[in-house]
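See structure below.
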Amino acid sequence: MKLGIVGTGKIVNLIEPTIKQLGIDVAAVSGTPRSVEKVNEFADSFGADGRYTDYHDLIADPQVDTVYVGVPNSLHFEVSEAALLADKDVICEKPLAANFEASQRMAELARSRGRFLWEAVVTTRQPNFKLVRDELIAKIGTIKAASINYSQYSSRYDAFREGTILPAFDKNMAGGAIMDLGLYTLTYTLALFGEPRASRYVANIDHGVDTSGLIVLEYDGFVATNVCAKDSWGQIGFTIQGIDGYLTSEAGPNACGAVTLHLNDGSEQTYDRSLATVYEGEFSEFIAQQEAGDLDSCYRDLDQSLLVSRIQNTIRREAGVVFPTDVA
C-alpha cells in the first residue's frame, strides 16, 4: 500500500502512530494553499516526497495507489469519486458521504471499476466487538433490550455556543451528532442485530444541526436505543440484556474496550482483547484485503456501511436535520 493522505486535520494526527507502527508507505500528503505548513509537517513526519495543495495533484501522483480521505464530511464524495475514477483504492473516513445517495454512488463506482473502497470506521474491526458478535452475545440468550451511549462534550461546542460554527456543527459541512458519534452507535447496533423493522431519531437541533439525540431501533422482541451527544457528557458504554444474562462495557463503540459478561447465576467475567492503537485493526484489515485482492470481503464490509448510511440519513432527515447536499 502506497498511501496518499488528503487532509491535514486532527484525524491525520490520530492515525499517524498506527500508520508508522504498521510500516505503511506514505507517498504524498495534500492540503490546501492555507495549510502548506501542515502539509510539509506531515510529509516530513511520514517521509513523503509528494506535497500538494490540490488533492487532484495527489491523486495523479503515480507513486500513490491508495488515497486516504480525511477531509470534512461534505467533501468525502468528491474526493473519493475523483480517486476511484483515477483507478486508485480509497480509504474514506466515516461517514462515507454526507447522504446515502452519495454513499451508494461511491459504492457502485468502486464495484464497477474493481477498486477497493473502505469506510474507515473502526468499530467492526475491533477484537472486542468481534468477541461480542461471535461468542458472547450467544451466552446471554434471547435479547430483550440493548442500549449504547456515546456522549462526549465536543471541544468545538464552546465556540458553537458563542456563535462560531466550525465544521463539526455546520450543516453545510454535514456535521452534527448522528453523522459523528451516532455513526459508531449505529454501526455497533446494526452489525450485531441487522436491519431493524423500524427506526427513528429524536434530536436536539440548533442552527439546523443536531447537537445530540436519541436513536430508537425496533426489532422483533426488543428495542435498541442509541444516545449520541456532542453537547454534553454522559455515561459512555453499552448494556445488552438477554434472558440468561447481560453484557456491559464502559468503553465507547469506537475503541470497543473491555466487556463484562454477567450471567443469571451471579457469575461475572471480563474480557479485553484491545489492540495497541484504536486504528490498528482497520488498517491491518485494509492491507490484508488489498494484498490478497480480496474484493469480496471489502464489498461485504461496504454493504454494512451502506446499511448504516441509509438508516442514518433517513432518520436524520425525518428528524428535521437536512443538509444542502441532500437529494430531495
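A helix-only calculation puts the chain at -10500 deg cm²/dmol for mean residue ellipticity at 222 nm, using -39500 (n - 2.57) for each DSSP H run of at least four residues, averaged over all residues.
Rolling a 1.4 angstrom probe over segment 169-273 with all protein chains present gives an accessible area of which 45% lies on carbon and sulfur atoms.
When the convex hull of the Cα atoms of the chain is projected onto a plane and the area is averaged over all directions, what value comes out in nm²? Don't jump to the answer; show the numbers that get you there.
Numbers: hull surface 65.2 nm².
Orientation-averaged projected area of the Cα hull: 16.3 nm².
Straight-line cross-link partners of K144 among the lysines, defined as a Cα under 21 Å from its Cα and at least 8 positions apart when in the same chain: K130. Using the Cβ of Y219 as centre and a radius below 10 Å, the other residues enclosed give a net charge of -2, where K and R count +1 and D and E count -1. When the charge dipole of segment 132-173 is built from unit charges on Cβ atoms (+1 for Lys and Arg, -1 for Asp and Glu) and taken about the Cα centre, the candidate among N172, T142, S155 whose Cα reaches farthest toward its positive end is T142. Rolling a 1.4 Å probe over the protein chains gives R273 an accessible area of about 120 Å². What lysines does K171 reach when the alpha-carbon gap must be under 20 Å and sequence neighbours fewer than 8 apart in one chain are set aside? Result set, ordered by chain and number: K10, K94, K230. Computed with a 1.4 Å probe over protein heavy atoms only, the accessible surface of the chain comes to 42 Å² per residue.
Sorted by accessible area (1.4 Å probe), largest first, how do K88, K171, K144 line up? Let's see the in-between values first.
Working: K88 25, K171 80, K144 115 Å².
Largest to smallest exposure gives the sequence K144, K171, K88.
Taking springs between alpha-carbon atoms closer than 10 angstrom, which of G252, G141, G281 fluctuates most in the Gaussian network model of the chain? Greatest mean-square fluctuation among the candidates belongs to G141. Shown for segment 235-328 is the translational diffusion coefficient from the Stokes-Einstein equation, using the Kirkwood radius over Cα pairs, a temperature of 20 °C and a viscosity of 1.002 mPa s: 127 µm²/s.
If you take every residue apart from K130 with its C-beta less than 12 Å away from the C-beta of K130, what net charge results, scoring Lys and Arg +1 and Asp and Glu -1? Numbers along the way, then the final one.
Values: positive: R125, R133, R273; negative: D134, E135, E285.
Once positives and negatives cancel, what remains is 0.
Against the main long axis of the alpha-carbon atoms of the chain, helix 280-292 sits at an angle near 60°.
Quick check: net charge around S199, other residues with Cβ under 13 Å of its Cβ, Lys/Arg +1 and Asp/Glu -1? Can you show the working numbers first?
Working: positive: R197, R200, R310, R316, R317; negative: E195, E218, E318.
So the environment of S199 carries a net charge of +2.
Largest GNM mean-square fluctuation among A43, A98, A229, using the chain with Cα springs under 10 Å: A43. Remark: accessible surface ordering of S267, S155 (largest first) is S155, S267, probe radius 1.4 Å.
Please figure out what share of the DSSP beta bridges in the chain is antiparallel and state it in percent, rounded to the nearest 5. In the chain, DSSP labels about 55 percent of beta bridges as antiparallel. Expressed in Å, the radius of gyration and Dmax of the Cα atoms of segment 136-251 are 15.4, 50.
The values are calculated or read from the model by the stated rules, or taken from the named source; none is laboratory data. Because the structure is a prediction, the values reported are computed rather than measured. Using ideal geometry, Cβ is built from the backbone for each residue, glycine included, and neighbour counts are taken over all protein chains shown. Each accessible area value is taken on the protein alone, full model and side chains, heavy atoms only, with ligands, DNA and RNA left out. Shrake-Rupley method; radii C 1.70, N 1.55, O 1.52, S 1.80 Å.
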